[in-house]
Protein chains: 2
Amino acid sequence: MAGEFDLIRDYFRDATVQRDDVALGIGDDCALLAVPAGKQLAVSMDTLVVGRHFVADVDPDSLGYKALAVNLSDLAAMGATPAWATLSVTLPDADAGWIKLFMAGFVELAKKHQLSLVGGDTTRGPLSITVQVHGFVEPAHSMRRNAARVGDLIYVSGQLGDAGLALLAQQGLYVKQGCLSSLKQRLDRPEPRVELGRVAAMHSHCAIDLSDGLGSDLGHICEESNVGALIHLDKLPMSDAVADYVAESGDWSLPLSAGDDYELCMTVPSEQQAAFEAVMQQQDVPVTWIGMIEQGEQVRAMSPNGDVDAYVARGYDHFAN
Amino acid sequence: MAGEFDLIRDYFRDATVQRDDVALGIGDDCALLAVPAGKQLAVSMDTLVVGRHFVADVDPDSLGYKALAVNLSDLAAMGATPAWATLSVTLPDADAGWIKLFMAGFVELAKKHQLSLVGGDTTRGPLSITVQVHGFVEPAHSMRRNAARVGDLIYVSGQLGDAGLALLAQQGLYVKQGCLSSLKQRLDRPEPRVELGRVAAMHSHCAIDLSDGLGSDLGHICEESNVGALIHLDKLPMSDAVADYVAESGDWSLPLSAGDDYELCMTVPSEQQAAFEAVMQQQDVPVTWIGMIEQGEQVRAMSPNGDVDAYVARGYDHFAN
């Protein structure tokens, strides 16, 4: 059985990409890193725990991918350019095959974003993954939750509710066969909107990534910015499968509350609307206007028939019963 | 029961110190941080898991202190000045009383080192703590494991074996009553040698912190630097309690292999010896010469009777059986 240090050496060292700004990588007490002059360092840390965020027999490749993806999504929501990651893996046994598959998924996404793995830890215990990502922002062009202003337009990237529908399908809901694999892909291998966020930050000062669901996450923006929001349900971008589910059930919880889509919600001052929409058209996913920031403190939703109701947060809260 | 976000707000936000280089702290997708011009960023991440690093009914205050201390010790071993930390806490229940005590221990040590808590995560699951610390080094004055050279003098800070003896005492070994509380303090609340490391880095280019034990950790220096080391057992600095144990048992494993002391082992070129020893005398713990870096690839130990034996690594390895 391999020792801790062997595991680190074999699978973590040189696992991702070489970067000139890494003066010292894995293998010492610390990594030594160089932040470019004039840039701020953006950092985010997330932990995924077995039985809470994934099942014990999870595909390790997908877990490695997703553990990094959810963190990169936080960098995307700040408009940051990814640079480095640290990774702590706690697992019941020193299972080299498992680690190898896990790292394959992690490295696939890391390479796509020129991200270098610079440090971390491996420990024996109940399966759990903690990732911290590090990126750079221009101080004048970061997107913060507290920067929404009354009159801002609200946009979301991609389509909402696919990951939630994939979860329902796993729990037995009938979904057309042709849709299953693309929905599962959206749940297991979400695409962090890194490049989109970086470009958006030139015109938006406020964004959040949709991990808990639009209603809950937009609610965080409202709370931090002391504003309200009105969204139009008939504008919410949805795949055919999710749109069918909503049409048949009358239940809007998938696009509003299901979370796990890791799309971006951004607010844009009206004077930036034209420039923002122009650059967003160059992105490889659609960016859709869904409503307005208004006075107040609630997220309100207007249904297709014109009724307006306050959205009651039902996002995923790890400690709520 | 408090929700995840309430927990974070109540106990993590503004929990430590305010720093001008934190442009955006806890509460957004990322923290935004400013590294001083000309400095490199030093980062280290460690995970502590219940049943592995501590018992389930651990005193949360001590755990909060130690989770940060072991990470600060890594910064000390690079010669870095601490700046920021991120903290991920996974716990079985949203126990506000537990979190409050945990944070009291964490904050006590953070304030001592002007460290600001800037982000993290809270999740439900088996008790586990991951901390990442961030500090600054002068690029020309960091201490690396691969920088030991043949002829360097080897020094250690403080005294070795106290934490190991405290563990033995917990397991039933008789220790004089007067010693117990100070030994337990050394195990539960190790003092990371931050200021000592920062000063040492002006004269030493190579250091490691003693988490696994002197033999094993000095072995890492030898491996990374492609050198050997000869240490003199009769020079190892020990408290009276540890010295008594060694004298009575003839067993040197406490100062050599017990680990958990979080003292620093540093190697110093002979031309820096006088300057190094002069500044070390200003520190509030003793720094003791224990041996020399030599050609070879092993750590060898000379016993008081003059016998020399290769040290066989018996340090703590999380995945070794």
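The values are calculated or read from the model by the stated rules, or taken from the named source; none is laboratory data. Only a predicted model underlies this, so the values are computations on that prediction, with no experimental measurement involved. Heads up, the Cβs are rebuilt from the backbone with ideal geometry, glycines too, and the neighbour counts pull from every protein chain shown. For accessibility, only protein heavy atoms count, side chains too; no ligands or nucleic acids. Shrake-Rupley method; radii C 1.70, N 1.55, O 1.52, S 1.80 Å.
Tabulated values for the structure
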| quantity | calculated |
| --- | --- |
| A:Thr90 vs. criteria within 15 Å of the chain's Cα centre (by Cα), within 12 Å of another protein chain (Cβ to nearest Cβ) and not basic (Lys, Arg) | no |
| Failed criterion for B:Ile208 (all others in (1) among the β-branched types (Val, Ile, Thr); (2) over 15 Å from the mean Cα position of the chain (by Cα); (3) buried (at least 24 other Cβ atoms within 10 Å of the Cβ) hold) | (2) |
| Neighbours by Cβ (under 8 Å, 6+ apart or cross-chain): first from the range A:226-243, on the phi > 0 side of the Ramachandran plot; second modelled with pLDDT under 95 and not in a helix (DSSP H, G or I) | A:Asn226/A:Glu297 |
| Residue in the range B:144-156 that is at the interface with chain A (Cβ under 9 Å from one of its Cβ atoms), out of contact with any helix residue (DSSP H, G or I) (no Cβ under 7 Å at 6 or more places or on another chain) and among the basic types (Lys, Arg) present | yes |
| Filter result for A:Lys39 (more than 8 Å from chain B (Cβ to nearest Cβ), closer than 15 Å to A:Pro192 by Cα and charged (D, E, K, R)) | no |
| Pick from the range A:137-162, criterion surrounded by fewer than 20 Cβ atoms within 10 Å (Cβ to Cβ) and closer than 29 Å to A:Ala34 by Cβ, ranking: modelled with the highest pLDDT | A:Ala147 |
| Hits in the range B:264-300 (condition: open to solvent by 60 Å² or more (accessible area, probe 1.4 Å) and part of a strand (DSSP E or B)) | B:Trp289, B:Met292, B:Arg300 |
| Filter result for A:Gly135 (of a type in the set (Gly, Ala, Ser) and in a strand (DSSP E or B)) | yes |
| Tally of residues being more than 23 Å from B:Asn146 (Cα to Cα), in contact with a helix residue (DSSP H, G or I) (Cβ under 9 Å, 6 or more places away or on another chain) and surrounded by 19 or more Cβ atoms within 10 Å (Cβ to Cβ) across the range A:13-42 | 2 |
| Among (1) modelled with pLDDT under 95; (2) within 7 Å of another protein chain (Cβ to nearest Cβ); (3) open to solvent by 10 Å² or more (accessible area, probe 1.4 Å), the one test that A:Ala56 misses | (2) |
| Residue count, the range B:301-313 (criterion: assigned to a strand (DSSP E or B) and buried (at least 17 other Cβ atoms within 10 Å of the Cβ)) | 1 |
| Helices (runs of 4 or more DSSP H) (entirely within the range B:204-257) containing at least 1 residues that are in contact with a Cys (Cβ under 7 Å, 6 or more places away or on another chain) | B:214-225, B:240-249 |
| Flag if B:Gly178 is more than 14 Å from every other protein chain (Cβ to nearest Cβ) and at positive phi | no |
